[in-house]
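Bear in mind these aren't lab numbers, they're just calculated from the coordinates by the rules spelled out. Since the model is a prediction, treat every value here as computed from it, not as a measurement. Glycine also receives a Cβ, built like all others from the backbone with ideal geometry; neighbour counts cover every protein chain displayed.
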Amino acid sequence: MSDSPAAAAGTWTLGGRIVNRLGFGAMRLSGAGGMGRGEDRDPDRSAEVVRRAVELGVNHIDTAEFYFSPTCRANDVIRAALAPYDEGLTIVTKVGPGRDLATGAWHDWARPDQLRAPVERNLASLGLDRLHVVSYRSNGRDDVPAAVAALAALRDEGLIGHVGVSNVGPDALAAARQVTEIVCVQNRHSLGYQRSDTTDVLAECRAAGTAFVPFFSIAAQAREARAEESHDVVGSVAAAHGVTAAQIRLAWTLALGPHVLAIPGTGDLAHLQQNVAAAALRLTADDLARLSAAG
């Protein structure tokens, strides 16, 4: 798929597998928020979106077994749409947050010794014998080394291929690397949301040759003042290129470095098309300077 739209931003080797840097995040497949908030999605429509993403060259899908609404589960949608999976498709999952599969209610975070169960649920719901990459979502917890060690043990058993981490700062990342190889880091990072600790992690990933996978890179609802400040500049740059603000945000994300993998999510075919088209968008040095100064 070297000439596919998603390949226009180039590729990265993630856990020994070559992926296009423009990927797909599955959170919104199950609903507007994908985490039990917002409207439900029609599973058939969501499956159409996933199939179209792959047709456009997406070969890196980020998901989790806790992405579900009362009527739609992201992993089930992926399996229904794509199984049996193409050998070139890489599926990355994450574990840590606890959620009741029957009611959707959130409960205690999984302890390191409890991570086998969510890994097995991901395997079962996706219909896989082995998960390509599993990341531990930390959210600032102090058990990262133990959790990473637990995932490394599951890797040694053959249940997963490689280990990643999510929502970690520089110290937690360094501690995780003392335990085993970390192939990707998934943190929130976008124009208008650039915390210093994540900026440091971005730089450390660049130096180490580790994939950095930012989430919420095109979130429309700004929660921080800086996101609002950047809005006018994003709109101006978008108008100059004749594209959408979301496409500018994705192009800025991809311009952060060749190790950065974008995973925009959507349940809408038109938005999917626009997101993938952003892989070919090239911002000028002046564009990047203006955007970075505003963000």
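Note on His231 and Arg51: the model spin-label points, each 7 Å out from Cα along the C-beta direction, lie 3.8 nm apart.
The modelled label-to-label distance between Arg116 and Glu181, using points 7 Å beyond Cα along the C-beta direction, is 2.5 nm.
At a Förster distance of 22 Å, what's the computed FRET efficiency of Ala285 paired with Ile18, Cβ-Cβ distance as r, to 0.05?
For Ala285 and Ile18, the calculated efficiency is 0.15.
Counting 0.36 nm for each residue step from Ala80 to Ala240 and taking away their Cα separation leaves a gain of 53.6 nm. Residues whose amide H falls under 5 Å from that of Phe212, counting only those 5 or more places apart or on a different chain, are Val185, Val260, Leu261, with hydrogens built in the peptide plane.
In terms of surrounding Cβ atoms within a 10 Å radius of their Cβ, Thr284, Thr93, Thr253 rank from fewest to most as Thr284, Thr253, Thr93. When the chain is treated as a Gaussian network with alpha carbon springs shorter than 10 Å, the biggest mean-square fluctuation among Gln247, Gln273, Gln186 belongs to Gln273. Ordering 105-113, 18-26, 168-176, 210-218 by mean Cβ neighbour count within 10 Å, with the highest value first, yields 18-26, 210-218, 168-176, 105-113. Taking amide H positions as modeled 1.01 Å from N, with prolines and chain starts lacking one, the residues under 5 Å from His189 and 5 or more places away or on another chain are Phe215.
Length gain on complete extension for the stretch Asp42 to Ser292, per 0.36 nm per residue less the alpha carbon to alpha carbon distance?
Computed gain between Asp42 and Ser292 is 86.2 nm.
Give me the percent relative contact order of segment 5-294, please, defined on Cα pairs under 8 angstrom at least 6 residues apart. The value is 19 percent.
Please give the charge dipole size of segment 5-294, origin at the Cα centre, charges +1 on K and R Cβ atoms and -1 on D and E Cβ atoms. Round to the nearest 20 debye. Please report the intermediate quantities before stating the final value.
On the way: 28 positive and 32 negative charges, 35 e Å.
Computed about the Cα centre, the dipole is about 160 debye.
Taking amide H atoms as placed 1.01 Å from N in the peptide plane, the amide H of Gly161 lies under 5 Å from those of Leu131, His132, Val133, Val134, each 5 or more residues away in sequence or on another chain.
Given the rule -39500 (n - 2.57) for each run of at least 4 DSSP H residues, summed and divided by the residues of the chain, what is its mean residue ellipticity at 222 nm, to the nearest 500 deg cm²/dmol?
Value at 222 nm, helices only, nearest 500: -12000 deg cm²/dmol.
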